[in-house]
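These notes concern the structure reproduced below.
What follows is calculated from the coordinates using simple rules that are stated; it is not laboratory data. Only a predicted model underlies this, so the values are computations on that prediction, with no experimental measurement involved. Cβ coordinates were reconstructed from backbone atoms using ideal geometry, including for glycine residues, and neighbour counts include every protein chain displayed.
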Amino acid sequence: MRIERIETAEVHIPLRTPFKTALRTVETVNDIIVKITASDGTVGYGEAPPTAVITGDTKGSIRCAIEEFIGPSLQGMDLEDLDGIMKKLHGCILKNTSAKAAVDMAVYDLFAKSCGKPLYQVLGGHKKEIETDLTISVNDVDEMVRDSVKAVEQGFGILKIKVGKEGLKDMERIKAIREAVGPDIRIRIDANQGWTAKQAVRIITAMEDQGIEMDLVEQPVPAHDFQGMKYVTAHVYTPILADESVFSLEDAIHICQERAADLINIKLMKTGGIYQALKICGVAESYGVECMTGCMLESKIAVSAAAHLSAAKGIITRADLDGPSLCKTDPYEGGPVYDGPVIRMNQTPGLGITGVPVFG
Ligand code: MG
């Protein structure tokens, strides 16, 4: 089974409500979809969102990287040589992690189909379902409280609250949400690089002193501020999760060695796909650093690849894979089932996605 053809297309899916973080506001999932056709006619699917403010990837750069560099490099390669394909994929162009991720997951989809098993089983896993949180966008306090209560009513037991725009005012938001949802709901905070190290310690400590339980605080300081991250991790009790600070395997090694964070957020769009993510899992495992899987504004194809990885790896103990839950519609057929907080893994081969209308 050889890689015969790599095609790209665009998908547009409206979001239920605008997605707002400290960095941006988005209203539609507008991603590049990849289809790889093998010599026996089997197809594999991948997806990449253009998250320019985080990964630097745009729709144009993703398409160009795939059509002009990655496609010609991988064409004709035998799927049995998975390691060789992955080395070529990561060697033929630097950075461009979203483009690589889309092709990587399509290759894994095909590889798992050639084994006749769901991808998570091919990756050595056995979890039949995983639990995701739901993201609550940054808005005024009342709106965030309303959104949080609604999420709990829909069955979500874990909320991820976006903050980081207004320093101490963020504390008010978290306090109000905690009071509204009660003590049993797990609350994750994502500052998206919005605080300085000292601000972060001040806010997190103040919340700890008031007895406001937080599951974790994600990326309190700018991605490049490694010392700041380490300072925050050392000065608060709440677990600190590195997101924008960890793209590569080397970033993960650095964070683990220096204990600069307690947890690592693995996103396929940062790592360049499953192949590199598996290496990060290996490093994290050896240091005993638990991981969370996250997504950008992705629809079911890319999020399902992350779900399969999560279902495969014991070191991944948390999932923030709410992309499909934020979308108004699901244009695909097959794949894992997204049922509120529960993601039930498909038992069909590969990622399980069987129909992608943009390819006709
Ligand atoms: Mg984050």
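Quick notes
- Nearest-0.05 FRET efficiency for Glu67 and Lys87, computed from C-beta distance (R0 22 Å): 0.60
- Over all pairs of different C-alpha atoms in the chain, the reciprocal of the mean inverse distance, the Kirkwood hydrodynamic radius, equals 20.4 Å.
- Counting neighbouring beta carbons within 10 Å and listing from fewest to most, the residues His308, His254 come out as His254, His308.
- Cα-based helix-to-principal-axis angle, 274-287 vs the chain, degrees rounded to 10: 50
- Gyration tensor (alpha-carbon) shape descriptor, the stretch 18-80, a/c threshold 1.5: prolate
- Degrees, to the nearest 10: 226-235 long Cα axis against longest axis of the chain: 50
- Helix 97-115 axis versus longest C-alpha principal axis of the chain: approximately 60°, rounded to the nearest ten.
- Once the Cα-Cα distance is subtracted from the 0.36 nm per residue extended length, the Asp78 to Lys95 segment shows a gain of 3.7 nm.
- Positive minus negative residues near Met1 (Lys, Arg vs Asp, Glu; Cβ under 10 Å): -2
- Whether the stretch 300-360 is rounded, prolate or oblate, judged on the alpha carbon gyration tensor where a/c under 1.5 counts as rounded: oblate
- Counted over the chain, the DSSP beta bridges are approximately 55% antiparallel.
- Partners of Lys59 within straight-line reach, counting lysines whose Cα lies under 21 Å from its Cα and excluding those fewer than 8 residues away in the same chain: Lys20, Lys35, Lys95, Lys100, Lys267, Lys270, Lys300.
- Per residue, the convex hull volume that the Cα atoms of the stretch 3-117 enclose (Å³): 112
- For the chain, adding -39500 (n - 2.57) for each run of n ≥ 4 DSSP H residues and dividing by the number of residues yields -11000 deg cm²/dmol at 222 nm.
- Rounded to 0.05, the FRET efficiency of the Val141 and Asp339 pair, given R0 = 41 Å and the Cβ-Cβ distance, is 0.85.
- Of the residues Met207, Met214, the one with the fewest other Cβ atoms within 10 Å heads the list, and the complete ranking is Met214, Met207.
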